[in-house]
Structures are given as structure tokens and as C-alpha cells.
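Shown next, in C-alpha cells, is the structure this report addresses.
The values are calculated or read from the model by the stated rules, or taken from the named source; none is laboratory data. Small disclaimer: the values here were computed from a predicted structure and weren't measured. Glycine also receives a Cβ, built like all others from the backbone with ideal geometry; neighbour counts cover every protein chain displayed.
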Amino acid sequence: MAETISMPKLGFDMAEGLLVRWVKQVGETINKGDVLAEIETDKATVEVESSASGVVLQLIAEQGTMVPVNAPIAIVGAEGEKVDVKPTTDDRPQTAAPAQPTPASTPQAVSTAETSSVVSGQSSAVKASPLARKIARDKNINLAQLQGSGPNGRIVRKDVEAAVSSGATFDVRPSMSSAPITNFQLPVSTEDQVIPTTKLRQAIGRRLVESKQTIPHFYVTHEYKMEAVMEMRKQINAYLSDNEKVSVNDFIIKAVALTLRQFPNLNATIKGNEIIQFGHVNVSVAVTVPGGLMTVVVKDADVKSLRQISGEIKSMAARARDGKVKPEDVDGSTFSTSNLGMYDVEDFIAIVNPPEAAILAISSAREVPVVESGELKVGSRMKATISVDHRVSDGAEAAQFMQKLAEFLENPVRMLV
């Protein structure tokens, strides 16, 4: 029996997605889990997998059209099976501001995708898929000099790959006027640049304005002793290969998840006059990608090992940067984290990522002078700040959460038993 494949919903606020490219065509065999199409949303460029095995009987939506969430896009069934569904059309002009994928940063780090701003002299007015832009940037190809074969002349991956394989020489200089480089001085432009906001930046703006205007935030900061985590990480990594080594952030995600099990009110959302405490602990991690941020989600982080958490984050972050995230990579978060530790940050706060109730901003682990038992010594300390929706929780509960988190971070063996 034929099965209909629909436009997936990635996040509670997604209403539609741009069908960028069909990977499979009518008449081709497809297995459950095979990539059927590529779609572009405010959050990311996503590969849509088939939920059924069989033959592609009909492609309902055309490439380059905006399709509402849950609307049918294709039908998969048995060879020769008769189907006839009216195609989905969208007469609106598509400028598809490419949002190219985006770990750790803030929601300010809303789930996202790659930016379409001027890169290597390429105008954001050029119609191109996020993946095409990424390849062009990596290969120093000027998109303005290519002819697109996609819908409405949109430049797609194969156009850029064809240009690369041809060995043609392209002028990748910016179109804007700039002073010549002399005596190793940087070029100076006296002209203003107008860079259209991308779908990513628009999504971030909408979410953060909503959050700051509708959610009464409060903040609690705690400083953690990190010597034990650093030592345990060193011992664990001594037994692991380079691509399996765990990070400090992996310890933090595990500790946060275990702590949330004891504070379900912070692993929650508010809906009307009700607080919904989630049964699963799904911790999102903000990932930095070219031009923005994307949050990937570690599902059931409280019951996974450090190696599992580490492996999943590495895989999801790599897919995010390559523009190949899966719907399950970015959906279902119940609590967010934002780690700027790699940027030598002493302290910062993050904005609650609706509809969640809280987010943890994680700063750098730094060597600082500390006083212990009346003696001055060097210690490793890390500050973290939790931002909480005051409609859901209060300062005392948030402070208790931060104290309990310290029990795991300062005695990390508790995460392993």
C-alpha cells in the first residue's frame, strides 16, 4: 500500500519549508531511511529520509517551492501502484535567502543554518543552495559567474562541482571597491555595505524578541571547581583514540542531565496555566556553524554514557556544518546549554530558548588564584549562569540546581556509577 511522505516539522515554530532538491526521482527504488529530498528551513538545510520502502510513485511538490508543514511531498509504494495526488504549488517568488548551517553558542543560539552574507566577494543576491555556497566558499568559486540549473536559475551543488572539475579560473575578488593593498596594509573600503538578513538571522531575531518580551528572566551564577573533571578527562582520554576523546563539555552535558532528573521543574515548559514537566531529558548543545548557530539535541542524556554523548555531539555537529542535519538532530530539546568556554570567556548570560524553561550559559575553565583553608593557591574554576523563566521557577530552586550540579562536576566519578 502506498505511503505518503510529508514535510517534516522541525521545531515548534516551523510553519513551512523550501523544497530545495529531489534526491530520488519517480520510478527509482528507495529504502526506508534513504534520503528522498533536501529541504531548507529557518533552522537548517535538512535531508528528508523516506519513511517507507518501495518505488517513488509521485513527487507532489516541485523543487523551489515552499511547502507547509505536514503537507504531502511524495508518495512511495509498490511498482505499478496507481496514485494521483494534486501537486503542491507555490506561486510566490523564491529568493530563498540561503541559511547555511550552525555548537556551542547561545540560543541567541536558536536552531539555525548557514548565512548568505557576502563571502569571498559573493553577493547574497545570487540564488544558490546552502550546500552550493559552502562548496563555492571552500573552493574560491565566485557564484555570480555561474549559471544555475536549479529552479528559477538557482545554483545547486552540481553546478559548483562542475565548475570545480572543469578547472576554470574565476575572479573571486569582491565587487565592492577597495583600496589597493600596499605595504601589507589591509584594504580599506569607504563604501557602506548592505547585507540582507538571512532566514537564520531572521529566525534568531524573532525567537529572541519573543523570549525577552514574553519571558520574565532571572539569573543565578555559580563557580565550580574543575580540577577533578580535568583529571578524569585526562585519564579517560588516555584509553581512547583521537576521534573518540571526550571533552569538558561532554562532562557538563552529562552532569546537567543527571541534575535535571532531580529538578524536573527546570526540565519543563509552561502552557497557559499549566507547567508540563518533560519525561525525557533532552539537552541541546549550541553548535557554531558558518554564519550563525544551530542547536543539536542529545536525547535522553541522563541515561547515556560520556562516550555516547561525545560521539553523538561530534556526529550531529559535523552534519550541521555540512548542511546535512537530520530532523531528529535539532528537534525535541527540553533544556538548552550554551558553551563559550573555548573563547576565554569569564562569564555571560544566555536568553531562554522558548518553549523551554531554562538555559545554562557555560564559561571558560580558567586557572585563577583561590583561597582554600586559609592558603592562597592556583585553582581551576569555571563560572556558569542559569537563566530561568520566572513563571515556572524561582531563585531558590535555581540556586539549589546549581549547587547540585556542583556535586557532579566536582565529584565526576558520580557520573560513572
Within the range 342-364, can one find any residue that is assigned to a helix (DSSP H, G or I) and either in the same structural domain as Gln213 (by TED's automatic domain parsing) or under 16 Å from Leu260 (Cβ atoms) (or both)? yes
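I'm trying to understand the selection: among the residues of the range 197-219, which are surrounded by 19 or more Cβ atoms within 10 Å (Cβ to Cβ) and more than 19 Å from the chain's Cα centre (by Cα)?
Of the residues in the range 197-219, the ones surrounded by 19 or more Cβ atoms within 10 Å (Cβ to Cβ) are 198-201, 203-204, 207-208, 211, 215.
The one that is surrounded by 19 or more Cβ atoms within 10 Å (Cβ to Cβ) and more than 19 Å from the chain's Cα centre (by Cα): Ile215.
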Considering only the range 401-415, how many residues are polar (S, T, N, Q) and either within 17 Å of His217 (Cα to Cα) or exposed (fewer than 13 other Cβ atoms within 10 Å of the Cβ) (or both)? 1
Could you tell me how many of the residues in the range 114-147 are modelled with pLDDT of 75 or more and in a helix (DSSP H, G or I)? 10
Matching residues in the range 182-198 - criterion: being at pLDDT below 70 and among the charged types (D, E, K, R): none
Cβ-Cβ distance below 6 Å, separation of 6 or more or different chains: which pairs start in the range 208-233 with a residue that is in a loop (DSSP other than H, G, I, E, B) and end on one that is acidic (Asp, Glu)? Ile215/Asp389
Determine whether Gln58 is outside any loop (DSSP other than H, G, I, E, B), of a type in the set (S, T, N, Q) and modelled with pLDDT of 50 or more. yes
Across the range 273-304, the tally of residues that are part of a loop (DSSP other than H, G, I, E, B) and either touching a Gly at 6+ places or on another chain (Cβ under 6 Å) or modelled with pLDDT of 95 or more (or both) stands at 8
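Restricting attention to the range 256-272, which residues are part of a loop (DSSP other than H, G, I, E, B) and either of a type in the set (Val, Ile, Thr) or surrounded by 22 or more Cβ atoms within 10 Å (Cβ to Cβ) (or both)? I'd like the intermediate steps shown before the answer.
Step one: list which residues in the range 256-272 are part of a loop (DSSP other than H, G, I, E, B), which gives 263, 267, 272.
Across the range 256-272, the qualifying residue is only Asn267.
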Going through (1) part of a loop (DSSP other than H, G, I, E, B); (2) at pLDDT 75 or above; (3) farther than 21 Å from Pro196 by Cβ; (4) of a type outside the set (Phe, Trp, Tyr) one by one, Arg21 fails only at (1)
Looking at the structure I just gave you, is Gly332 in the same structural domain as Arg381 (by TED's automatic domain parsing), on the phi > 0 side of the Ramachandran plot and either of a type outside the set (A, V, I, L, M) or surrounded by fewer than 16 Cβ atoms within 10 Å (Cβ to Cβ) (or both)? yes
